[in-house]
Amino acid sequence: MTDTNDDLKFTPLHALHLELGGKMVPFAGYAMPVQYPAGVLKEHLHTREKAGLFDVSHMGQAFLSGSDPARALESVTPADIQGIPEGMQRYGLLLSDEGGIKDDFMTTRLAGEPALYLVVNAAMKDADFAYIAQMLKGQAQLAPAPERALLALQGPLAADVLERHSPGISEMTFMQAKRVTVAGAPAIVSRTGYTGEDGFEISIDGKDAEKVARALLAEAEVLPIGLGARDSLRLEAGLCLYGHDMDDSIDPVEANLLWSMGKRRKEARDYPGAGRIGKHLQDGAGKKRIGLRPEGRAPAREGTEIADKTGRVIGRVTSGGFGPSLNAPLAMGYVEKEFAANGTKLDLIVRGKALGAEVVAMPFVPNRYKRAKK
Amino acid sequence: MSEVRFTDQHEWVRLEGDEATVGITRHAAEQLGDVVFVELPQAGRKVGAGGEAAVVESVKAASEVYAPVGGEVTAANSALEAEPAKVNEDPEGAGWFFKLKLSDKAEFAKLMDAAAYQEFVKGL
């Protein structure tokens with residue numbers, strides 16, 4: 001992407017970011033705050049301890065309507081979209097005909113509404129919307145909603161804070177979604193996020209965004225959080241970043257995202273790329289996404305080669321850095337399947353030197369979602 | 001008497017006799033953000049002016065630290081290995097990276113003085 005400052009788009013909170021001292025950087029065609037004066041480390045730790053507010057208005061929001069939009073959407077994803085209960089959101093992968101991952105996205109079935117509400121990644125939204133519209137032509141109509149803003153309020157105190165501006169909201173559980181009002185503004189709120197913490201995503205009209213953001217930031221528990229901490233939080237939570245930890249050369253089995261495929265869909269094999277993915281489901285894939293804990297304190301960044309103990313390169317880091325909550329470096333990457341078991345000792349080639357690392361289960365930091373009691 | 005000079009790569013170097021102490025400037029530390037890891041050169045290593053001498057990493061990114069002047073490394077600030085945050089707290093003091101025995105004083109004289117460096121940062 002060749003961003004020059006001239007053609008960057010602004011979210012509805014741009015003026016507020018500047019007022020808060022946000023350090024603005026180009027991201028997915030938008031000017032976005034990578035951090036505020038508190039800095040990435042404090043913003044990260046604050047989100048895990050209290051509550052952080054993120055502007056994610058650059059993400060793509062849309063509504064999919066038609067006679068049976070859920071059935072239509074299943075032609076581009078292996079997720080069980082028809083099985084999403086009313087008032088729930090579900091994670092899914094958008095697949096190419098060859099079974100490569102074009103993006104990951106969220107689908108919500110709002111109570112009493114025939115249209116599905118979708119959220120896709122910022123960098124992919126134009127391509128995704130064009131692809132979905134084209135693939136579903138004649139079956140469903142996609143209406144992007146660029147007028148909407150999206151805020152995320154994340155952290156153990158997020159529910160207490162949001163309750164003051166949307167009474168009753170704290171009764172929601174993980175992955176539930178509904179229309180409510182927040183600080184007087186009509187909103188679609190889901191109890192989801194990208195940090196591994198409890199929290200909410202709040203979709204509102206762009207014209208209400210600043211009012212809602214200011215109301216939440218006025219609460220003592222809340223700090224504004226930039227994209228830097230968003231990335232370190234999601235990495236500790238073991239969550240993939242599209243374009244880094246997966247792309248259209250990777251399929252859901254390799255990405256270790258089998259859980260996002262519906263059981264009914266796996267059995268029916270009625271999704272794009274069923275040939276390749278079905279074979280990988282049966283025989284296993286040649287490579288697999290894993291978590292790594294490097295020894296010592298040196299981070300291994302994206303692109304770092306992963307070698308076995310004989311020095312043979314068997315994979316590559318796709319996201320790597322330092323986890324403030326872990327107080328240690330951490331990485332995610334792909335390795336040949338023989339080396340993917342937890343506990344496997346490998347080397348990371350950092351600045352020409354082999355640093356020891358161990359394959360570990362993800363998330364690196366335990367999730368604290370507020371799940372419904374069974 | 002000691003004298004401090006600066007590079008366009010945002011290192012500072014303080015010269016006392018023929019011993020040069022090197023670190024990153026306050027501006028560099030602020031731009032980098034919270035430092036979580038430093039890799040320091042071993043004593044005895046010879047580095048040329050502008051050569052890679054150390055690494056400093058924040059949560060987000062890794063940056064090289066270059067030797068502002070050539071010479072032989074005489075000491076490294078190993079306190080930074082346990083407490084990398086010192087680089088942010090006191091970049092031009094307790095957050096120093098390494099010391100060099102300077103090989104050519106003319107290299108030092110070519111660097112920016114404090115006023116010139118301040119002008120340089122303003123122009124960025």
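The numbers here are math on the coordinates, done by the rules we state, and not lab data. This structure is a prediction, so every number in the text was calculated from the model and none was measured. Heads up, the Cβs are rebuilt from the backbone with ideal geometry, glycines too, and the neighbour counts pull from every protein chain shown.
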- Message: Based on this model, can you work out whether A:Leu118 counts as free of Cβ contacts under 8 Å to residues at least 60 places away in the same chain and crowded, with 23+ Cβ neighbours inside 10 Å?
- Response: yes
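Looking at the range A:237-254, is at least one residue in a helix (DSSP H, G or I), of a type outside the set (Val, Ile, Thr) and out of contact with any strand residue (DSSP E or B) (no Cβ under 6 Å at 6 or more places or on another chain)?
To start, the set of residues in the range A:237-254 that are in a helix (DSSP H, G or I) comprises none.
Checked against the condition, which is being in a helix (DSSP H, G or I), of a type outside the set (Val, Ile, Thr) and out of contact with any strand residue (DSSP E or B) (no Cβ under 6 Å at 6 or more places or on another chain), the range A:237-254 yields no hits at all.
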- Item | Which numbered condition A:Val119 fails, given (1) at positive phi; (2) not in a loop (DSSP other than H, G, I, E, B) | (1)
- If we keep only residues of the range B:1-46 that are more than 21 Å from B:Ala61 (Cα to Cα) and charged (D, E, K, R), then the residue surrounded by the fewest Cβ atoms within 10 Å (Cβ to Cβ) is B:Glu16
- Tally time: how many residues in the range A:207-237 are more than 14 Å from every other protein chain (Cβ to nearest Cβ) and either in contact with a Leu (Cβ under 9 Å, 6 or more places away or on another chain) or without any contact (Cβ under 8 Å) to a residue 12 or more places away in the chain (or both)? 14
- Filter the range B:52-62 down to the residues that are within 12 Å of the chain's Cα centre (by Cα) and not charged (D, E, K, R), then identify the one that is surrounded by the fewest Cβ atoms within 10 Å (Cβ to Cβ). B:Val55
- Query: Does the range A:78-87 contain at least one residue that is in contact (Cβ under 8 Å) with a residue 12 or more places away in the chain and more than 25 Å from A:Ala372 (Cβ to Cβ)?
  - Reply: no
- Message: Whether any residue in the range A:57-67 is over 23 Å from the mean Cα position of the chain (by Cα) and either within 14 Å of chain B (Cβ to nearest Cβ) or under 24 Å from A:Ser203 (Cα atoms) (or both) is what I want to check.
- Response: yes
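Looking at the range B:86-111 only, could you name the residues that are of a type in the set (Gly, Ala, Ser) and either surrounded by fewer than 21 Cβ atoms within 10 Å (Cβ to Cβ) or over 13 Å from the mean Cα position of the chain (by Cα) (or both)? Before the answer, list the steps.
Kept after step one, since they are of a type in the set (Gly, Ala, Ser), are these residues of the range B:86-111: B:93-95, B:103, B:106, B:109.
Correct list: B:Gly93, B:Ala94, B:Ser103, B:Ala106, B:Ala109.
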- Exclusive hit being free of Cβ contacts under 8 Å to residues at least 40 places away in the same chain and out of contact with any helix residue (DSSP H, G or I) (no Cβ under 6 Å at 6 or more places or on another chain), set A:Ala268, A:Ala274: A:Ala268
- Query: Has the range A:316-335 got any residue that is without any contact (Cβ under 8 Å) to a residue 60 or more places away in the chain, touching a strand residue (DSSP E or B) at 6+ places or on another chain (Cβ under 9 Å), hydroxyl-bearing (Ser, Thr, Tyr) and within 13 Å of chain B (Cβ to nearest Cβ)?
  - Reply: no
- Message: Just to verify a result, which residue in the range A:140-175, among those that are assigned to a helix (DSSP H, G or I) and without any contact (Cβ under 8 Å) to a residue 24 or more places away in the chain, is nearest to A:Tyr194 (Cα to Cα)?
- Response: A:Ser170
- Query: Where in the range B:24-91 are there strands (runs of 3 or more DSSP E), lying wholly inside it, with at least 1 residues that are more than 19 Å from A:Phe322 (Cα to Cα), touching a residue at least 24 places away in the same chain (Cβ under 8 Å) and more than 14 Å from chain A (Cβ to nearest Cβ)?
  - Reply: B:62-66, B:71-76
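Are there any strands (runs of 3 or more DSSP E) wholly within the range A:267-357 with 2 or more residues that are under 27 Å from the mean Cα position of the chain (by Cα), and if so which? Let's see the steps before the verdict.
Working: elements: A:287-294, A:305-307, A:313-323, A:328-336, A:345-350.
Correct list: A:287-294, A:305-307, A:313-323, A:328-336.
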- Query: Would the range A:38-58 turn up any residue that is within 20 Å of A:Gly92 (Cβ to Cβ) and touching an Asp or Glu at 6+ places or on another chain (Cβ under 9 Å)?
  - Reply: yes
- Task: Can you work out which of the residues in the range A:277-313 that are buried (at least 17 other Cβ atoms within 10 Å of the Cβ) and closer than 19 Å to A:Leu95 by Cα is nearest to the other protein chains (Cβ to nearest Cβ)?
- Result: A:Arg289
- Item | Given (1) farther than 25 Å from B:Glu83 by Cα; (2) within 14 Å of chain B (Cβ to nearest Cβ); (3) in contact (Cβ under 8 Å) with a residue 24 or more places away in the chain, index of the condition A:Leu348 fails | (1)
